Amino acid sequence: MNATKTNILNTKVLFWIFASAALGLFLSYAFLVNEAIMNVVNRQKAEVQISKISSVTSDLEAKYIALENGINLPLAYSKGFQDAKDVTFITRVTDAPGRLSIRY
């Protein structure tokens, strides 16, 4: 009689252990599937933002090139720029020709 009660008790304990483990695994699976779905959604949103930013960037690059091509001497003179009269170039004298040195 005593062995039967112990056997039934062990069976109940094992059932609850396995049921708890199964529930834990199911909850972990549901959490991980949810995270995977959220990552896919966030990646798609990021791809949309990247395409929008890329479009804006290409438009700005085109405007920059157009403005850069419009710069010339008559435009500079009209903005008040003048030709340099005394041009001085600065050169660096090194210790030995063709060698670089780092000084602190």
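The values are calculated or read from the model by the stated rules, or taken from the named source; none is laboratory data. Everything numeric here is computed off the predicted structure, so don't read it as measured data.
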(message) Can you confirm whether Lys5 is under 40 Å from the mean Cα position of the chain (by Cα), among the basic types (Lys, Arg) and assigned to a helix (DSSP H, G or I)?
(response) no
(request) Given the conditions (1) among the charged types (D, E, K, R); (2) outside any helix (DSSP H, G or I); (3) at pLDDT 90 or above, report the number of the one that Lys45 does not fulfil. (result) (2)
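At pLDDT 95 or above and not polar (S, T, N, Q): is that true of Leu23 in this structure?
On the way: at pLDDT 95 or above: yes; not polar (S, T, N, Q): yes.
It is true that Leu23 is at pLDDT 95 or above and not polar (S, T, N, Q).
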